[in-house]
Amino acid sequence: MGGAGLLAALAVMPVLSAGAAWGVLAIAGLCEVGWAIGLKYTEGYTRPLPTALTIALMVLSVVLLGWALKTLPVGTAYAVWTGIGAIGTAALGIYLFGESADALRLACIGLIVAGILGLKLIAR
């Protein structure tokens, strides 16, 4: 399915209830984590399977974000989407790649979590 096909599919996706839109947004954020971590495994796009999976997750993440945006405010949804991606990618970087888990870094990740929760609580 090309770009035009994806846009056509998104156009006919139903408007979601607020609860469903938040769920779709959470899945979109997890897809963002998947593609961000997947980039590491593509080894500069030289490995076909990780590259294909990473690109598929990129597309799915953006399509799901677009679907959620039919219901949610763009500023809130985008901040939450990128926040989920940042938190998940940082956590997996620590777990999978031995990246730093010092107190200051974890505190900063905690601030992102607080921001996401705050935006979710005040969203209309």
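Below is a table of values for the structure above.
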| quantity | calculated |
| --- | --- |
| Residue among 100, 54, 71 farthest towards the positive dipole end of region 1-106, charges placed on Cβ | 71 |
| Taking all pairs of distinct alpha-carbon atoms in region 77-119, Kirkwood radius in angstrom | 10.6 Å |
| Spin-label pair residue 11/residue 82, simplified geometry with 7 Å Cα→Cβ offset, distance in nm | 2.9 nm |
| Total charge dipole magnitude, the chain, about the Cα centre, Cβ charges on Lys, Arg, Asp, Glu only, Debye to nearest 20 | 260 debye |
| Overall form of region 50-100 per C-alpha gyration tensor (a/c, 1.5; a/b vs b/c) | oblate |
| The chain: relative contact order as a whole-number percent, Cα under 8 Å and 6+ apart | 29 percent |
| Per-selection metrics, the chain (Cα): Rg and Dmax in Å | 15.8, 46 |
| Kyte-Doolittle mean at least -1.0 and Cα axial length at least 18 Å: DSSP H helices in the chain | 18-42, 48-68, 74-97, 103-122 |
| Protection proxy ranking of 58-66, 100-108 - average other beta-carbon atoms within 10 Å, highest first | 58-66, 100-108 |
| Residue 102 versus residue 123: modelled label distance in nm, points set 7 Å from Cα along the beta carbon direction | 3.4 nm |
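We did not get these values from a lab; they are worked out from the coordinates using the rules stated. Keep in mind it's a predicted model, so treat the numbers as computed, not measured. We place every Cβ from the backbone using ideal geometry, glycine too, and count neighbours over all the protein chains shown.
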